[in-house]
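The values are calculated or read from the model by the stated rules, or taken from the named source; none is laboratory data. These figures come from a predicted structure and were not determined experimentally. Cβ placement follows ideal geometry from the backbone for every residue including glycine, while neighbour counts extend to all protein chains displayed.
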Amino acid sequence: MSLEVDYIVDRRRLKRRLSLWRILAILVLAFLVITSIANTKSGNYIARLSVTGLIIDDIEREYALKSLKEDDEALALIVRIDSPGGTIVGGENLYYQLKDFSQEKPVVAVMGSTATSAGYMIALGADYLIAREGSLTGSIGVLLQTADVTSLLEKIGIKPEVIKSGPFKAQPNPFEKTTQAARDTIESVVLDMYAVFVDIVAERRKMSPEAVRALADGRVYSGRQALANGLIDAIGSENEALDWLHKTRKIPPNLSVNDVIIERSGQSWRKIVNMLVGKALFSERLNLDGLFSLWQSKLW
């Protein structure tokens, strides 16, 4: 009889313990569900856009930035730049896209090893510019290059003929010598684009055009030199960008930093594959139309 009573008592104790654990499990599950819902409702984050290699006009990137600007959960944008430059139009378009973005949400540019020429131009679209001491930036200027191969062709018995509607059509052209009049016309275009670049620097860095021209002779600057000359705002990395966003723009700390995913068409993916096999910088440099704002040291 005593054994049966003890057995019944033990069973009741076990049931009470199991009930207690079930209650605790339900409470924990409820807490996790509530936390998950809260996180879903407040899934704010900081976006990170990486710009590397040769800068060209990129419609897919433009669409991605427009979508990001309309995303209420994206509170700020960090632009990581590692580029020697690119086409003037490519740099100009991305500069204006980032500047437009900064009217709605804060933007910080973080320079990597290189952010020169058009790479520096796009950084100017940000509210705050950060570089490492060893970063290379600046190289403010415009480049248009050609080659005269007429003498070489004559040596191998080839005489090119060019038929055109006017003296300045297809100038410069490697298959005919550039006249002084054509050279003057081309130089005026280069200098006009240079003036556009200078005006952008002057506006964004709050400097006079004369002060910018003193720095804009095509030379590159280290991060420390750029800071001393007022071309950037601070020395640091993405951590300093996050600190600035928190202290200056009241962006909450500890938000996740999510990479911007750019949906690519088949043609765009082919360009990326070419870059991976080492062809893009060379081939694009030969084939792209338009003026370049490009620091060339890495290309040759």
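Test residue 122 against the stated conditions and say whether it is touching an Asp or Glu at 6+ places or on another chain (Cβ under 6 Å) and in contact (Cβ under 8 Å) with a residue 60 or more places away in the chain. Against the criterion (touching an Asp or Glu at 6+ places or on another chain (Cβ under 6 Å) and in contact (Cβ under 8 Å) with a residue 60 or more places away in the chain), residue 122 does not qualify. Checking each residue in region 192-211 for being loosely packed, with under 11 Cβ neighbours inside 10 Å and assigned to a helix (DSSP H, G or I) picks out only 210.
Checking each residue in region 212-226 for being buried (at least 16 other Cβ atoms within 10 Å of the Cβ), part of a helix (DSSP H, G or I) and more than 20 Å from the chain's Cα centre (by Cα) picks out 212, 213, 215, 225.
Here residue 79 passes the criteria (1) under 26 Å from residue 219 (Cα atoms); (2) surrounded by fewer than 20 Cβ atoms within 10 Å (Cβ to Cβ); (3) modelled with pLDDT of 95 or more except the one numbered (2).
Every residue, every condition in (1) touching a Lys or Arg at 6+ places or on another chain (Cβ under 7 Å); (2) over 30 Å from residue 133 (Cβ atoms); (3) at pLDDT below 95, yes or no:
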{"position": "61", "(1), (2), (3)": "no, no, no"}
{"position": "66", "(1), (2), (3)": "no, yes, no"}
{"position": "88", "(1), (2), (3)": "no, no, yes"}
{"position": "95", "(1), (2), (3)": "no, no, no"}
{"position": "98", "(1), (2), (3)": "no, no, no"}
{"position": "101", "(1), (2), (3)": "yes, no, no"}
{"position": "104", "(1), (2), (3)": "yes, yes, no"}
{"position": "107", "(1), (2), (3)": "no, no, no"}
{"position": "112", "(1), (2), (3)": "yes, no, no"}
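Listed by first and then second residue, the pairs linking a residue in region 198-222 that is of a type outside the set (Asp, Glu) to a residue that is exposed (fewer than 14 other Cβ atoms within 10 Å of the Cβ) and assigned to a loop (DSSP other than H, G, I, E, B), with Cβ atoms under 7 Å apart and 6 or more places separating them unless they lie on different chains, are 202/208; 222/133; 222/134.
Has region 87-102 got at least one residue that is buried (at least 20 other Cβ atoms within 10 Å of the Cβ), of a type in the set (D, E, K, R) and over 15 Å from residue 51 (Cα atoms)? No, that holds for no residue. Residue count for region 144-191, restricted to those that are of a type in the set (A, V, I, L, M) and assigned to a loop (DSSP other than H, G, I, E, B): 8. Cβ-Cβ distances below 6 Å connect the following pairs, each with a first residue in region 128-143 that is assigned to a loop (DSSP other than H, G, I, E, B), a second residue that is of a type in the set (Lys, Arg), and a separation of six or more residues or different chains: 133/224. In the set (1) under 30 Å from residue 188 (Cβ atoms); (2) at pLDDT below 90, the condition left unmet by residue 220 is number (2).
Identification of strands (runs of 3 or more DSSP E) wholly contained in region 56-124 with 2 or more residues that are under 19 Å from residue 233 (Cβ atoms) yields 74-83, 107-116. The numbered conditions (1) in contact (Cβ under 8 Å) with a residue 40 or more places away in the chain; (2) among the β-branched types (Val, Ile, Thr); (3) in contact with a Pro (Cβ under 9 Å, 6 or more places away or on another chain); (4) farther than 24 Å from residue 92 by Cβ are all true for residue 179 except (1).
Within the span defined as region 156-168, every residue fails to be touching a Leu at 6+ places or on another chain (Cβ under 9 Å), of a type outside the set (D, E, K, R), surrounded by 15 or more Cβ atoms within 10 Å (Cβ to Cβ) and over 22 Å from residue 89 (Cα atoms). Give the residues of region 227-242 that are in a helix (DSSP H, G or I) and surrounded by 15 or more Cβ atoms within 10 Å (Cβ to Cβ), sorted by residue number. Within region 227-242, 227, 238, 240, 241, 242 meet the criteria. Sub-8 Å Cβ pairs linking a first residue in region 252-263 that is among the hydroxyl-bearing types (Ser, Thr, Tyr) to a second residue that is assigned to a strand (DSSP E or B), at least 6 apart or interchain, are 256/45; 256/46, ordered by first then second residue.
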